Amino acid sequence: MRHADTGARALPSASGYRFAIVVSRFNEAVTERLCDGARAALSAAGAPSDAVEVFEVPGAFELPQAARCAAEGGQYDAVVCLGCVIRGETPHFEYISTAVAHGIQEASGETGVPMAFGVLTTDTLAQAEARAVEGPDNKGYEAAVAAIEMAALFRRLRGGRR
């Protein structure tokens, strides 16, 4: 599904799907921009604003718990998980990053609802900011596009059912 003139991938349609965005408040200057990117992608793909609900959690560690709860409610076709963990001077970065990645993967597998991983794990704030720029290079935007594609795939695999 590529545009013939530019080689850029066309946005899949988000029309007819519902999305939850679960976003961490920790490193809010970055995560707010990731959320803006995700909302922009969903809107550009045709998701009406009332088909997208945003839920904030305190930190990245809480993302899998909230994503699982959103998925268990049965009203969302996909969940976009957004956060930012920046390496510090202690091993805390590795523990949080690993727990979040495994937790989101486990929650998706157990609920049967696709969850897109838009959690930045960077060495510096500058690296995180570079991944939260406006436009399609924003990692929140990319996670939302992945969520749309997975929601459509899951619906197709399930024979048109949610």
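The values are calculated or read from the model by the stated rules, or taken from the named source; none is laboratory data. These figures come from a predicted structure and were not determined experimentally. For neighbour counting, all protein chains shown are included, and Cβ atoms are generated from backbone atoms with ideal geometry for every residue, glycine included.
Some values worked out for this structure:
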quantity: Any hit, region 93-102, residues being buried (at least 22 other Cβ atoms within 10 Å of the Cβ) and closer than 16 Å to residue 29 by Cα; calculated: no
quantity: Whichever residue in region 55-97 is touching a residue at least 12 places away in the same chain (Cβ under 8 Å) and among the acidic types (Asp, Glu) and, among such residues, is farthest from residue 118 (Cα to Cα); calculated: 72
quantity: Selection status of residue 89, of a type in the set (D, E, K, R), surrounded by fewer than 20 Cβ atoms within 10 Å (Cβ to Cβ) and in contact with a Lys or Arg (Cβ under 9 Å, 6 or more places away or on another chain); calculated: no
quantity: Residues satisfying the stated conditions in region 132-162, i.e. touching a residue at least 12 places away in the same chain (Cβ under 8 Å) and of a type in the set (Lys, Arg); calculated: 139, 155, 162
quantity: Test: residue in region 63-74 that is closer than 24 Å to residue 130 by Cβ and either touching a Lys or Arg at 6+ places or on another chain (Cβ under 8 Å) or among the polar types (S, T, N, Q) (or both); calculated: no
quantity: Count - residues of region 123-161 that are within 19 Å of residue 45 (Cα to Cα) and either part of a helix (DSSP H, G or I) or among the charged types (D, E, K, R) (or both); calculated: 20
quantity: Index of the failed condition, residue 116 passing every other in (1) over 13 Å from the mean Cα position of the chain (by Cα); (2) in contact (Cβ under 8 Å) with a residue 12 or more places away in the chain; calculated: (1)
quantity: Any hit, region 124-133, residues being under 12 Å from the mean Cα position of the chain (by Cα), closer than 29 Å to residue 15 by Cα, at pLDDT 95 or above and crowded, with 19+ Cβ neighbours inside 10 Å; calculated: no
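Listed here are the residues, each with its yes/no results for (1) surrounded by 14 or more Cβ atoms within 10 Å (Cβ to Cβ); (2) out of contact with any Phe, Trp or Tyr (no Cβ under 8 Å at 6 or more places or on another chain); (3) not acidic (Asp, Glu).
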{"position": "17", "(1), (2), (3)": "yes, yes, yes"}
{"position": "31", "(1), (2), (3)": "yes, yes, yes"}
{"position": "35", "(1), (2), (3)": "yes, yes, yes"}
{"position": "40", "(1), (2), (3)": "yes, no, yes"}
{"position": "45", "(1), (2), (3)": "yes, yes, yes"}
{"position": "49", "(1), (2), (3)": "no, yes, yes"}
{"position": "63", "(1), (2), (3)": "yes, yes, yes"}
{"position": "74", "(1), (2), (3)": "no, yes, yes"}
{"position": "79", "(1), (2), (3)": "yes, no, yes"}
